[in-house]
């Protein structure tokens, strides 16, 4: 492919190396054809799998005009789906955020037996299929489940209701924050926190004034990942929701229902809202990655 | 657990509180539900379990799932290395945006990905319409499953290989070249051995993710039993028929597969780290 590189005398290359380094030297040797071809193939691949589907969502969403789009995202069923997802979000985020911080503190700051086992257990939900994750809670709280009789006796509704959706979403999103924070906290080391304590700060003062400001970017990054999955979770929620229109449909489930009713324009209209959120999330990740 | 809790200086507070919270949470949310699944399947007599888990329909679904996941992960490995290479070594306009876009499959809800890919690869879709005259039908065939699984696994290899490439000193390649190696030798002898652990880890992560995937596949696959029915869809179908025993048995098979892969991933990552030092 590059006859010039094998043809050039090694002595000349060595002599030239200290003077013309890096990119200039490389371009001179390889020419521009290989990079151009490789870049072209890579961009085609990304376009076919990422860019074209992304554009397709918005094209399909506005196919019947802006008025139809607005109707689709403001009709009562859509609003109830948006409300349900908001409620789920409000339940899941604080719990998994608090868990992530607590787990990271215990794991990154202390030595104890079984630490690696604990890390593996925290990561387990990532290895479990979303559908199986949903099934776990049906087996626990469903009519024939472990706690089924208890749930019935107390007239509770967990499966095919909000608590089931929250539990399934909690399960699939457990690892996000802990996973981001453990390496960040380990890297920071305990010195600043120890200094604060030695100078007389209480534990909570140390946490709010030293630990939290130090881990803020990592925490925010974890929060962005947690948010995206919480809003978008489909498989696990699908198993426990029961798909009751206007009651137990989160936004992604509502998209599925519209799509299966051949109401494509409305399905893509709702999907475009989720896609917009996903793009915001990507922008946030990109900005945060330079800081973490 | 719990014995210990030492830091180096021993002044940091909150060990008991945070570890206690962590263990309680993990028990309630992860361990008890997983135990429920395994114990539930244990209440089935083994021959009954085996019978449910190995019906022709179940076997066909394992085959389709494993095969499509493997093909998708392979596509992701080849192109993932290429994308990582282009992004780290070449000047590409809009590199920051392209790099951010690679994470789209992690951010986009799977149901949205599913309907978007179906729209694009259907016979009248913007890409499907050019494949159709070539005799390639993507939507509602196994090819559709592969497309969906390639989409959701796309970031893994890029993200595992990228840091290795960034850490690699181009001067090593230049040294090899100046000593007379041609570009193929540089690639095979220097690039491949360095990138292999990261690429294999990325492959396994993408493969594991693909095995359990549901949302992005169901719209594009056509969902024909024995032909385009993946295992997670079969579990879903059994649940909708209130066949909890059937769903549980197949879910346990799936879980066994996922956990073995998790073990492989952990071993691979340990191997990758050893390579670095």
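The numbers here are math on the coordinates, done by the rules we state, and not lab data. Just so it is clear, the model here is predicted, and its values are computed rather than measured. Quick reminder, even Gly has a Cβ in these numbers, built from the backbone with ideal geometry, and neighbours come from all protein chains shown.
So here's what we get for this one:
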quantity: Neighbour-count ranking [beta-carbon atoms within 10 angstrom, fewest first] of B:141, A:230; calculated: B:141, A:230
quantity: Principal-axis tilt of helix A:264-289 within chain A, Cα atoms, nearest 10 degrees; calculated: 50 degrees
quantity: Cα long-axis angle, helix A:115-127 against chain A (0 to 90 degrees, to the nearest 10); calculated: 80 degrees
quantity: Cα-projected label distance for residue A:153 with residue A:263, points at 7 Å along beta-carbon direction, nm; calculated: 4.2 nm
quantity: Shape call, the protein assembly as shown: gyration tensor on alpha carbons, a/c limit 1.5; calculated: oblate
quantity: Distance between the stretch B:49-79 and the stretch A:131-186 - C-alpha centres, whole angstrom; calculated: 27 Å
quantity: Whole-Å distance, taken between Cα centres, linking the stretch B:100-115 and the stretch B:250-269; calculated: 24 Å
quantity: Whole-Å distance, taken between Cα centres, linking the stretch B:187-237 and the stretch A:233-265; calculated: 24 Å
quantity: Spacing of the two label points (7 Å from each Cα toward its C-beta) at residue B:43 and residue B:187, in nm; calculated: 5.8 nm
quantity: Ascending count of other beta-carbon atoms within 10 Å, so fewest first, for A:80, B:216, A:241; calculated: A:80, A:241, B:216
quantity: Residue A:111 paired with residue B:24, simple spin-label distance in nm, labels 7 Å along Cα-to-beta-carbon; calculated: 2.9 nm
quantity: Shielding score for A:188-196, defined as the mean number of other chain Cβ atoms within 10 Å; calculated: 2
quantity: Residue-averaged beta-carbon neighbours from other chains (10 angstrom radius) around A:276-283; calculated: 5
quantity: Cα-Cα pairs of chain A separated by more than 26 Å (percent); calculated: 62 percent
quantity: Whole-number percent relative contact order across chain B, with pairs defined as alpha carbons under 8 Å at least 6 apart; calculated: 27 percent
quantity: Whether chain B is rounded, prolate or oblate, judged on the alpha carbon gyration tensor where a/c under 1.5 counts as rounded; calculated: oblate
quantity: Taking B:186, A:255, A:166, A:138 and counting other C-beta atoms within 10 Å, the order from fewest to most; calculated: B:186, A:166, A:138, A:255
